[in-house]
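Input: a single structure, listed below in structure tokens.
No value in this document is a laboratory result; all are computed from the given coordinates. What you see is a predicted model, and the numbers here were worked out from it, not measured in a lab. Here the Cβ positions follow ideal geometry from the backbone for every residue, glycine too, while neighbour counts run over all protein chains shown.
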Ligand SMILES: [Zn+2]
Ligand SMILES: [Zn+2]
């Protein structure tokens, strides 16, 4: 496929899409009903449907019955841990293998001209982005992911929070399932903005940002504190009346859903002439420029707070002007202090 029909390459060979990054038309004001209808299938397909189905599969085939959930034992928790681990490696591995190991589409649509393996850095364990990502994923992400699941189910199974059934509350629970991506975006924006405050950035979030040129396995390369808050999004379903299956969907949306922002390609080629949008551009710009795009493009929170970057020269100028204002404020504050 000819990627130059959809974008250009700069002097370094980095790919820049012609179309600036855009918000989903879900919260446009004034509303854009035609754009909303055209976009709506993308709300469901492919990611939301896949993560909804994976939550159902876990619920019916992998998790134990309610009695066992009420009193967790090492047997089923260990089984759950292994299944979570294998499935995340298979899911991330599909993208990593095709795009980074086989390099099936070469550098077509690739944002960063370099491959992560070409940039050994002492910021990573063993100077390798991939080994570093494996370590954070295996020893922090999956144990915390499994732990969050076990605790939330334990609370539900003991009847400490309301467990709404689908038979009695079908409309409410369907609406709640539809809101899962919106709740995720709100939660992610808030914790992510918090992680960009100086102390938390330095000691926690910088682990994730070591991947300036992210690849699929960077998706969950995070500090344990970040894993806890990021995957802890599932706990919202202990506060709002819900059902554990929807809570599980929320967790899968965060865990498996971390990948779209980190594939490193604007489009993923499916055949000779077809490609699907990766939806990676907004988060890729965040990894490249740091203090922009704390959200993922569903709720226009970055627009509201003046931190949205759509990849255009105008957005770049706005960002630089914002940095100048910040510098001037810090200087003025330092002046007052002395
Ligand atoms: Zn960040
Ligand atoms: Zn990221």
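To the nearest ten degrees, helix 74-95 and the longest principal axis of the Cα atoms of the chain are 30 degrees apart. The distance linking the stretch 103-123 with the stretch 134-170 is 36 Å (Cα centroid to Cα centroid, whole angstrom). Rounded, prolate or oblate, given the Cα gyration tensor of the stretch 269-337, with a/c below 1.5 counting as rounded? Note, shape of the stretch 269-337 comes out prolate. What separates the Cα centres of the stretch 272-338 and the stretch 196-251 is a distance of 20 Å.
For every helix of n ≥ 4 consecutive DSSP H residues, a contribution of -39,500 (n - 2.57) applies; sum these over the chain, divide by its total residues, and give [θ] at 222 nm rounded to the nearest 500 deg cm²/dmol.
When only DSSP H runs of four or more count, the value is -15500 deg cm²/dmol.
What shape does the stretch 52-161 take by its C-alpha gyration tensor, where a ≥ b ≥ c are the square roots of the eigenvalues and a/c under 1.5 counts as rounded, a/b above b/c as prolate, and the rest as oblate? Cα axes put the stretch 52-161 in the prolate bin. Taking other C-beta atoms within 10 angstrom as a stand-in for reagent exposure, 190, 175 fall in the order 175, 190, fewest first. Mind checking the angle between helix 47-57 and the chain's longest principal axis? C-alpha axes, 0 to 90 degrees, to the nearest 10. Approximately 20 degrees, to the nearest 10. Exposure proxy ranking for 226, 273, based on other Cβ atoms within 10 angstrom of each Cβ and starting from the fewest, stands as 273, 226.
List the relative contact order of the stretch 86-295 as a percent without decimals, with contacts defined as Cα pairs under 8 Å and 6+ residues apart. Walk me through the numbers before you get to the answer.
Numbers: 263 pairs, mean separation 56.8, N = 210.
Dividing the mean separation by the residue count of the stretch 86-295 yields 27 percent.
Would you work out if the chain is rounded, prolate or oblate? Take a ≥ b ≥ c from the square roots of the eigenvalues of the alpha-carbon gyration tensor; rounded if a/c is under 1.5, else prolate when a/b is larger than b/c, oblate otherwise. It comes out rounded by the Cα gyration axes.
The long axis of helix 313-337 is offset from the longest Cα principal axis of the chain by roughly 90 degrees. Each of 307, 8 was scored by other Cβ atoms within 10 Å of its Cβ. Arranged with the fewest first, they read 8, 307.
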